[in-house]
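Shown next, in structure tokens, is the structure this report addresses.
Bear in mind these aren't lab numbers, they're just calculated from the coordinates by the rules spelled out. Given the structure is predicted, the values throughout are model-derived calculations rather than measurements. Don't worry about glycine lacking a Cβ; one is built from the backbone with ideal geometry, like all the others, and counts go over all protein chains shown.
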Amino acid sequence: METFKIEVDADGIALITFDVPGKSMNTLTLQAMKDLAEIGPRLKDDAAIKGAVFTSGKTTGFCAGADLNDVMGALAKTDAKAGFELVNGLSNALRAIETCGKPVAAALNGLALGGGFELALACHYRVAADDNKIQVGLPEGKIGLIPGAGGTQRVPRMIGVMAAAPLLLEGKTLRPQEALGMGLLNAVVPADQVLENAKTWVKTGGAVQPWDKKDFKIPGGGPYHPQGAQMFMVGSAMLRKSTYGNYPAQINILKAVYEGLQLPMEAALRIESRYFVKTLATPQAKAMIRTLFVSMQELGKGAARPAGIAPWEAKKVSVLGAGMMGAGIAYVQAMAGIDTVLVDVTQEAADKGKGHVEDLVKKQASRGRMTPEKAEKVLGAVHPTSDYHHVKGSDLVVEAVFENRELKAKVTALAEAELSADGVFGSNTSTLPITGLAEASVRPANFIGIHFFSPVDKMGLVEIIKGAKTSDETIARAIDYVLKIKKTPIVVNDSRGFYTSRCFMTFLQEGVQMLADGYAPALIDNVGRMTGMPRGPLEMTDDVAVDLAYKIADQTAKDLGDAYVRGPLDDVLKALVVGHERFGRKNGKGFYDYPENGSKTLWPGLAEIAPVKIASSTPELVAEMKMRLLYRQAVEAARCMEEGVVTDPRDADVGAILGWGFAPWTGGPISLIDTVGAAAFAAECDRLAKTYGPRFAPTQQLRDMAAKGETFYGKAAKSKAA
Amino acid sequence: MAEAYIYDAVRTPRGKGRKDGSLHEVTALELASQQLQAIRDRNGLDTSLVDDVIMGCVMPLGEQGGDIARAAVLQADYSQTTSGMQVNRFCASGLESVNIAAAKVLSGEADMAIGGGVESMSRVAIGSDGGAWAIDPNASIKNYFVPQGISADMIATLYGFSRDDVDAYSVESQKRAAKAWSEGRFKKSIVPVKDSLGLTLLDHDEHMRPSTDMQSLAALNPAFAAFGDMGFDAVAIQRYPEMEKVEHVHHAGNSSGIVDGAAMVLVGSAEAGKTAGLKPRARIKGMASIGSEPSIMLTGPSAVTEKLLKKLGMTAGDIDLYELNEAFAAVVLRFMQALDVPHDKMNVNGGAIAMGHPLGATGAMILGTLLDEMERTDKATGLATLCIGGGMGVATVIERV
């Protein structure tokens, strides 16, 4: 065996060490899956072996799960039958270990996720090191997969359906103590005692799993136990509530649990394997794995970084503007160990910004996520000031003042006066073109857009915007900085609203347009949520601020002059902002009313601004509305690709999901187009353009791709290879 | 052409479907067989003329399981040549059973058959049979399953019935039922339930609350808001996104009562009636069943009524009297709204909100009630229909002969 090594000691205990050669972390590769199939028969047949302990030969952990490249690659080449046999083969291998007739323990000296944890669950005993950094669990559901290898079957049999649900459906991972409390681990001991503890247990341990005993009952009851029935009935509703039926993985997990719990383990595993193969074949799984797993990892390693530029580290960074955004940036910098100067007009304003950092630190500390020492260190790294002299020595300045060209120009000059010749100046703007802002800079090659998302401590994306004169070196440095503060960078070119804001605004605008078209407002926002967007377009406009949407539309109209076509959308916004002073959530009045006690309700006055013509729905109408809301954004993303605002589909897709919450089940707007196919997408856009207006018109690039049968990702792979 | 006639209809009084209900100590078997005996004894019927007995029962498990119809036939000392079949069309099972009996007669398969139903809700609890529809995620997720009470609230929300509307309907139902009882309008059909000593256990519908008024109903909390919060409101809204929220207007006072009871309807051909020396009371003019949107679930009655009337070449206005099971007040309000049926033609003697809804039996009960009222007020044509779980409707049109 290549990946597992078996040593039998004097007590007859086989120590099975998992150690995939040439890898820093164990994953279940195809070879490991093959090897595992040999272990069960060996344990059963080798009379010298009395019991066994699984452990890892890596210091990085026990096992991070299936090797997705290996497994996906193998499955992509097979039909349903062969796919089933591959997947169920692993289940059978683990089942053979579980039923070998000798006690088997898992000694988890590090993380055990996905297939790694499933291997442990098939053991009769599990002990993990008492270390809060260790995670165990089944995160498959997060990237559109279902837990295989018995995960959907053993977890509910062990802890009941109710407790299993968040672990399986949400992919919630656990620290060892939590897993112990839930009954998924048998013991948690100091790291250096894990192996010994497992061996000691094997000497007296039982070799039959609870579910293989005659008197076994599913904790909390199975599907047709009175309590269990209620659980499944409500469970389906809760699943639809949280996923809107958009995620086949979650639905299939529930189906596998429901069907599997009514069967003996071998048959249950077959049910699970079929759903695994079925799920993997869905476009949602393929797109989600690519964007949320593969592309995220690649961008997280700096995939967009120009080649041949030496690594750079930002040690000292000044943040201009200590508002919510600036303070949030200061916080993430300090967390990453960056010496941070937080500058505002007055000392008082700067101190207030640091106060915000303090609040965030306290919140982390109170939840046990930060030691007092670390908290002190983070706070110590933030220096509030109103004196630009403190900017001196900074490797980078991040400007986060109000979206006002003159103000930005002024602070640029003040900061650059203190900045060394090769210091980088980053502007955190969401709307103002970088090339224009760079005119205020004395070294535009070092000037770049670094667009954060609010709230900075929670949002994982940073959009890096190249100005006309921005150098490759500056781009590389901006990426290095973003990676250092543990965010995912995407790199885009200068354009109105760049990439994320530009596409996101189309979602809001399409919603307001629907209102102007006479769709009932509840219908618009409910369907908006049903597309997989985090909120409906009207409520999101309230959150962004209606007056801001109005100002942006107004500014765009001014900038474009005659080219701007005024429409009913402008009238609705104007009526709200000018006519009724409804600015959105911020003044408690927008499309919704926001009563102090109680949840928001649609403002009845909307009916006067936009009389309702479509008050009831059919599934067909809903499908059409969903298409409008998603395709409007996707066609804008396609325009960004054509114009070169984004050049890499990975940037476009990851940026969309992390940046503005574009429906994750699609894998992003570009994945959505690839999934539908350029020809079908362009045809639908032509139809939508004819019905609703030219904003849906497909790009020439889409038409060319349609003619050649190309996909965005296919093209990107080809150009990378060339 | 063959015709199917109704020769008789009987029902038990309805007992509260609880441990303190008067019929709780009576088995479902006994409830059903006493009604079969009544059919036989009132008509001096040679039971060997009865080819088949079809009984609705919605919770066919435990003592109601294993084809209760055959067990009841034998318990009632019918001829052993009379077969028995249990059917489940949820809330319309009783009417469906009569329709099956009629269909057998019309087809010539049977000359005489009994359709009816039984449900002891106090002894076999509603929902105790499980069922894929609600529990298997394959079915429930795809079809936007919600519990029936949520569906009723969806009807109220989508068709604009306020809490006052549904409560007012229910107050009227109680009033009508009380008046009907005080005037003895149910006399013809009611067969009191006897104990094993032959003493009367119950001779009236004991679920009624004649003193119900708007104030007393206003004190009741919505019954399905908690279900809604668990996630079912979200499911409803995803099916009907025009709803900003689900208005929870239904409660115990404007929904059908949980009761025990049984009912039987004797159906036969003209010839079989002659052989038995019976005079037909009504002709079964037409029958239909339909499927409707399953999430809102309870809008089947108007759909099936339209289907049936079209088949018969009739319009809603041609029907003199309607019986629509009062599963929930909004179901009836929506039916009247959809077909423009005036309230004075609808459930004129009250309904299940006042008297209760013994699931498997109700359809046969309301058909009997309809026939009695047609005879009392000398009306020619009547229609009985019920809303059904899973989104269905069943209807029957009868006319007097």
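Of note:
- For chain B, a Gaussian network of Cα nodes joined below 10 Å ranks B:326, B:373, B:96 by mean-square fluctuation, and the top entry is B:373.
- Greater than 21 Å apart at Cα, pairs in A:316/A:374; A:551/A:613; A:315/A:408: A:551/A:613; A:315/A:408
- Selected from A:221, A:680, A:188, residue furthest toward positive end of dipole (chain A; charges at beta carbon): A:221
- For the stretch B:1-124, size of Cβ-based charge dipole, Lys and Arg +1, Asp and Glu -1, in debye: 540 debye
- Two-site FRET efficiency, residue A:517 against residue A:431, from Cβ-Cβ distance with R₀ of 30 Å, rounded to 0.05: 0.65
- The stretch A:1-47 shape via C-alpha gyration tensor axes, a/c threshold 1.5: oblate
- Only one residue of A:425, A:454, A:470 has its Cα farthest out toward the positive end of the dipole of the stretch A:316-496, where Lys and Arg carry +1 and Asp and Glu -1 on Cβ, and that residue is A:454.
- Counting DSSP beta bridges with both ends in the protein assembly as shown, the antiparallel % (nearest 5): 45 percent
- Packing order of peptides A:96-103, A:405-412, highest average first: A:96-103, A:405-412 (average count of other Cβ atoms within 10 Å over each peptide's residues).
- The distance linking the stretch B:257-321 with the stretch A:182-208 is 68 Å (Cα centroid to Cα centroid, whole angstrom).
- When the convex hull of its Cα atoms is viewed from all sides, the stretch A:316-496 shows a mean projected area of 8.9 nm².
- Placing unit charges on each Cβ (+1 for Lys and Arg, -1 for Asp and Glu) gives the stretch A:286-387 a dipole about its Cα centre, and among A:335, A:309, A:381 the Cα reaching farthest toward its positive end belongs to A:309.
- Rounded to the nearest 20 debye, dipole of chain A from Cβ charges on Lys, Arg, Asp, Glu: 1180 debye
- The stretch A:37-59-the stretch A:405-457 distance, computed between alpha-carbon centres (Å): 61 Å
- Excluding same-chain neighbours fewer than eight residues apart, the aspartates and glutamates reachable from residue A:278 by a Cα-Cα span under 14 Å are A:79, A:85.
- When only alpha carbons of the stretch A:514-673 are considered, Rg and Dmax amount to 16.5, 48 Å.
- Taking Cα centre as origin and charging only the Cβ of basic (Lys, Arg, +1) and acidic (Asp, Glu, -1) residues, the dipole magnitude of the stretch A:316-496 rounds to 560 debye.
- The stretch A:501-717, relative contact order [Cα under 8 Å, separation at least 6], %: 21 percent
- Helix A:194-204 axis, angle to chain A major axis (alpha carbon atoms, nearest 10°): 30 degrees
- Helix-only arithmetic for chain A: the sum of -39500 (n - 2.57) across DSSP H runs with n ≥ 4, divided by the residue total, places the mean residue ellipticity at 222 nm at -15000 deg cm²/dmol.
- Along principal axes, Cα extents of the stretch B:13-52, largest first, whole Å: 39, 17, 11
- Rounded if a/c under 1.5, otherwise prolate or oblate - the stretch A:110-199, Cα gyration tensor axes: prolate
- Pairs from A:600/B:245; A:301/A:354; A:102/A:199; A:626/A:718 whose Cα-Cα separation, in the structure shown, is over 21 Å: A:301/A:354; A:626/A:718
- Dividing the C-alpha radius of gyration of the protein assembly as shown by 2.2 N^0.38 Å, with N its residue count, gives 1.12.
- Straight-line reach from residue B:188: taking Cα to Cα under 18 Å and skipping same-chain neighbours fewer than 8 places apart, the lysines in range are B:179, B:279, B:379.
- The aspartates and glutamates whose alpha-carbon is closer than 14 Å to the alpha-carbon of residue A:142, local same-chain residues fewer than 8 away aside, are A:170.
- Diffusion coefficient, µm² s⁻¹, Stokes-Einstein with Kirkwood Rh over alpha-carbon pairs of chain B at 10 °C and 1.306 mPa s: 76 µm²/s
- Net charge of Cβ neighbours under 11 Å - reference residue A:586; Lys, Arg +1; Asp, Glu -1: 0
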